[in-house]
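Reviewing the structure listed below.
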């Protein structure tokens, strides 16, 4: 059993949280949140329709969903660091390929290669690592780790500057180099499970008595569900549906927000990027706050209220007529997004445990990304057919509200008096 000498204080899990911020920031900033800016430039150069351009983003999300179960198995079997290393190669290579495309087919292929890499480097790998290293402080740690998505969004004005100054092909090459230079060293920090290094979750020491420890049982020894067992529970499907509703909103905003602001409101691309940054700022601020609230109250209710925030933001955006209402919608949507993301992930650990967390989240991602595949294309089709995003935004608002209802009707996990781990059968399974 190896030990991480010299890094016990602070607890090594916090080093992994720091690495996770960087590894989340790269795909978020260079690909996901920059995508809308690339759409504007590709539309101008090639004349491709928004449905065609949105289709690439949807294909990326579909591929992530299909990869999820395989990636989850790889994470549980080989650990996050090995998976992330492979992802770095694919992610950077995809950018280099993208810089050389001259057709729709090449565009789709390049983005699918990038999607494989971004998925293996980012969200699923990061959350699996964090869940293994934290229990009592899981939502807080997750909120900090997933700050990377928002941090990456803060780089959008700089990326837009690069796009306008150097052109999108050069910016794609620069992005590929950044991934190689930054991500490869940072993946070295990530470790699979603390027990492999003589440590315990949250930095506890052997023999510590936990909140469930009247009989001396330790919280981290509680049994966990397998992926098959989790799928038989109501909680698995309710959480997946609610998560999907939130992702619907986010995927449409990522693809269409900048185009909407530039084309419908007449803002410049740089101004639109700053408008999008408003959403990123509240997203950034809300992530650790959401985790902190969930650790002290209820992950389920915290996520449900965040979904209501998505609903309100989309209704405001649907009826916006000026920059001020769009800005307020962006601020509100960013806050809801930031609160929801870390908490909806830690909810799965609360209901199902951590033994098969990677596989459970990977299978759930197939459900979640199904909506993300359809939503941007549907919004683009609605715009092409109606000349407006109003109907699409109203429908998204209603779906976000429906997602919150699933969480309000979902009971708390059995053994919820213990902060982190459920017993073998969650209450929602009964």
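Annotations for the structure displayed:
- When the test is whether a residue is farther than 23 Å from residue 372 by Cβ, part of a helix (DSSP H, G or I) and out of contact with any strand residue (DSSP E or B) (no Cβ under 9 Å at 6 or more places or on another chain), residue 110 does not pass it.
- Those residues of the range 298-319 which are over 18 Å from residue 250 (Cβ atoms) and over 22 Å from the mean Cα position of the chain (by Cα), in sequence order: 319
- Members of the range 313-338 found to be within 17 Å of residue 395 (Cα to Cα) and surrounded by 17 or more Cβ atoms within 10 Å (Cβ to Cβ), listed by number: 313, 314, 315, 316, 317, 318, 320, 329, 333
- Condition broken by residue 205, with the remaining ones in (1) at pLDDT below 90; (2) more than 24 Å from residue 360 (Cα to Cα); (3) surrounded by 18 or more Cβ atoms within 10 Å (Cβ to Cβ) satisfied: (3)
- Of all residues in the range 294-303, those satisfying the criterion of being surrounded by fewer than 24 Cβ atoms within 10 Å (Cβ to Cβ) and touching a residue at least 60 places away in the same chain (Cβ under 8 Å) are 295, 298, 301.
- Within the range 237-277, considering residues that are more than 17 Å from the chain's Cα centre (by Cα) and modelled with pLDDT of 90 or more, the one surrounded by the fewest Cβ atoms within 10 Å (Cβ to Cβ): 237
- The range 32-49, residues that are more than 20 Å from residue 268 (Cβ to Cβ), in a helix (DSSP H, G or I) and at pLDDT below 85: 32
- Criterion violated by residue 196 - all others in (1) in a helix (DSSP H, G or I); (2) surrounded by fewer than 24 Cβ atoms within 10 Å (Cβ to Cβ); (3) modelled with pLDDT of 80 or more satisfied: (3)
- For the range 168-186, the criterion of being outside any helix (DSSP H, G or I) and in contact with a helix residue (DSSP H, G or I) (Cβ under 9 Å, 6 or more places away or on another chain) is satisfied by no residue at all.
- Against the test of being modelled with pLDDT of 85 or more, touching a helix residue (DSSP H, G or I) at 6+ places or on another chain (Cβ under 7 Å), buried (at least 24 other Cβ atoms within 10 Å of the Cβ) and within 27 Å of residue 278 (Cα to Cα), the options 120, 114 yield a single qualifying residue, 114.
- Members of the range 132-146 found to be in a helix (DSSP H, G or I) and surrounded by fewer than 24 Cβ atoms within 10 Å (Cβ to Cβ), listed by number: 140, 144
- Top-ranked residue in the range 208-229 [being at pLDDT below 85, within 27 Å of the chain's Cα centre (by Cα) and in a helix (DSSP H, G or I); ranked as nearest to residue 14 (Cα to Cα)]: 220
- Residue match in the range 137-150 (condition: more than 18 Å from the chain's Cα centre (by Cα) and closer than 30 Å to residue 197 by Cβ): yes
- A single entry from 403, 411, 358 fulfils the requirement of being in contact with a helix residue (DSSP H, G or I) (Cβ under 6 Å, 6 or more places away or on another chain) and at pLDDT 85 or above: 403.
- Among the residues of the range 319-354, those identified as at pLDDT below 80 and farther than 26 Å from residue 297 by Cβ are 321, 322, 323.
- Exactly one residue among 187, 165 is closer than 22 Å to residue 274 by Cα and at pLDDT 90 or above, and that residue is 165.
The values are calculated or read from the model by the stated rules, or taken from the named source; none is laboratory data. On a predicted model such as this, the values are computed, not experimentally measured, just so you know. All Cβ positions, glycine included, derive from the backbone under ideal geometry; neighbour counts span all protein chains shown.
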